[in-house]
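The values are calculated or read from the model by the stated rules, or taken from the named source; none is laboratory data. Here the structure is a predicted model, which means the values were calculated and not measured. We place every Cβ from the backbone using ideal geometry, glycine too, and count neighbours over all the protein chains shown. Just so you know, the surface numbers come from the protein's heavy atoms only, side chains and all, with ligands and any DNA or RNA stripped out. Shrake-Rupley method; radii C 1.70, N 1.55, O 1.52, S 1.80 Å.
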Amino acid sequence: MTAKDAIFPQNTRLTSPQEDKKAFRGQKKPIIASAPLTMALERMASGEEVVTVIDDVTEAPIGVIDHAAMIKAIAGLFPQLDESAELTITCPPSQYSASAIAHAVEDADAHLLNLNVTAGTEPDSLTTVMLRVNHSRGESVAKSLARYGYDTIEIATPSGLPASEMMERAREFMRYLEI
């Protein structure tokens, strides 16, 4: 996703190019439209309220990314699904393999929706990876990941309940049906 993708209609140029240049003059260095969205995100995380986006060729301002536009763009990368689970796993950096993680997830009859390395790319620290899968039972995915040598340290589901509590409720419901 590029910076241009985060510009929504309410943030595009509505005035002449000369007026735009005046309006954007007091802001920090703009970013080009083809820059990765993460560049704008990093600048906003460090305190910038608005990031100006300029055309790659003409360098004319084409719009801005504000907090609302950034949240909307990032939310598009993580669409909500009823049947999904988020897992946080760890492993030594030498053992990290995105393809092995994907195979482990597929072995649990799930699909890998998101994979983000969040920490531990240094040689002496554990690599932490956050996964999102389209399977409501994160425990089965965690078991498969364990067979591949990955330690699951956290499982979250859209319901907000811990996966173990959801399983307990399902067992209680099945006992109720048997009565």
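Taking K and R as +1 and D and E as -1, what net charge do the other residues with C-beta under 12 Å from the C-beta of V50 add up to? Result for the neighbourhood of V50: -1.
Rolling a 1.4 Å probe over the protein heavy atoms leaves V117 with an accessible area of roughly 60 Å². What a 1.4 Å probe finds exposed on segment 32-105 is 62% carbon and sulfur by accessible area, rounded to a whole percent.
Roughly what % of Cα-Cα distances in segment 29-87 sit above 18 Å, to the whole percent? Counting every Cα pair in segment 29-87, those more than 18 Å apart make up 41 percent. For the peptides 89-96, 28-35, the ranking by mean Cβ contacts within 10 Å, running from highest to lowest, is 89-96, 28-35. Neighbours of N114, meaning other residues whose beta-carbon lies under 12 angstrom from its beta-carbon, give a summed charge of 0 when Lys and Arg score +1 and Asp and Glu score -1.
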